[in-house]
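What follows is one structure encoded as structure tokens, with my remarks underneath.
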Amino acid sequence: VATTPANTGMYNFTLTDTNFEGGLVYPATLTIEYRGRPYVSVANIDVGSEILQYEFFTQTATNLAASVENIERTVNQTATEIKTEIKGAIESSHADLKAETTAIRTATETTLPAQLAETKAVIEVGQKSQILNTESSIRVGEKLVVRYRTYSGLNPIIDVYNATNVQQIAGAPMVEVGTTGIYEYSVTFYQAWGKGQFSIVCSEPTKGSMDAMTITVGTTDMEQVYNQVSSIVGSTATLPNVNNIITNMGAQFGLIETAINKMSTDVLSGVSDALGSTTSMKSLFTQISGVSKQLKNLSGDSGLNLESLYTVSEERQQDMVYLKNKTQELKAGMDLSRKLMENIANKPVTQTWYEYKK
């Protein structure tokens, strides 16, 4: 647990007595509470066995080379100085040296290659085993087929945790597709599981492999929103003075929001009577409908059904929360249109807005 961030805003965590094993990859889940809800991030801790093995083998080889050189130098010097007097001792020493050199050679030719092969196998398992999914979000109630690649003929399992780290799927077996080494499991994100950042972990005990991913579960299909806004931008990109039109619409949204805030305050404080509030809300409904029509006219014939974005329900013209949220929805669509038109680098564009609850 880290309680105080550094000057850069980064939290540092120190793990002691972890008992990590060399050559394995350990998943780590980090959670931060912000405004009453947890935000979860998943990462992997690679102990780095290949680095440890490389340093060990390099140091061992250096020490062995130095020992052999020193032994040979000592033998040659001794043989020159006392060759006649202690020939027997030299022969005995030579035998001992030969045995030691043989042992060193055996270790170099047998033990080290075996350790290198073991390290290579660990690295290959880590490189081959991974989750193949690229989805980043999904709606509540939908299914996601999770695909995990590893060696064929094994028994990988899947675990799923919701946004509050409650395990919803525990050790469910995955099914291999033929003999491809790709295993699948269909996950249904039930409404009872909640929304937010979910963690999906796939693991295989035989090879000791593991991989994890996170996915955002919500009620809005981001691809649908993107298609709606993209159709508006694509249809209006060639219109003259389109930036001026959007700017004018932004000013209209500002006036509408001011009117909504003032009306809400007046109703709560008792300044406006029922008849006055009804008349004002009808006028507000008319203004929102007008802005919606302007946004619809800008989109032109996009080939997509965007009526849910443009339609302002007349039956709910006296519903203050509905009018507030419809204003925010249309304003977000307009702001996202502006961002997409200004997106020279052609990078992904997102837009966030808040809605009111009753």
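Cross-link check: pairs K195/K357; K143/K296; K324/K347; K293/K347; K195/K282 evaluated at a Cα-Cα cut-off of 27 Å; pairs beyond the cut-off: K143/K296; K324/K347; K293/K347; K195/K282. Subtracting the Cα-Cα distance of R35 and K262 from 0.36 nm times their residue separation leaves 79.0 nm of extension gain.
Once the chain from E184 to V145 is taken as fully extended at 0.36 nm per residue, the excess over their C-alpha distance is 13.4 nm.
Peptides 66-76, 200-210 ranked from most to least packed by the mean count of surrounding Cβ atoms within 10 Å: 200-210, 66-76.
Once both labels are positioned 7 Å from their Cα atoms along Cα-to-Cβ, the gap between N248 and Q294 label points is 0.7 nm.
Computed in the context of the full set of protein chains, the accessible area of region 1-70 at 1.4 Å probe radius has 54% of its extent on carbon or sulfur. Here region 175-217 is scanned for amide nitrogen atoms under 19 Å from the site 7 Å beyond the Cα of F56 along Cα-to-Cβ, giving 208. Taking 0.36 nm per residue of separation and subtracting the current Cα-Cα distance, fully stretching the chain between S152 and Q167 would add 2.7 nm. The Cβ shell under 14 Å around Q317 holds other residues with a net charge of +1, Lys and Arg each +1, Asp and Glu each -1.
The values are calculated or read from the model by the stated rules, or taken from the named source; none is laboratory data. Values in this document were obtained by computation on a predicted structure and should not be read as measured data. Cβ: placed from backbone, ideal geometry, glycine included. Neighbour counts: every protein chain shown. Only protein heavy atoms, including side chains, enter the accessible area calculation; ligands, DNA and RNA are left aside. Shrake-Rupley method; radii C 1.70, N 1.55, O 1.52, S 1.80 Å.
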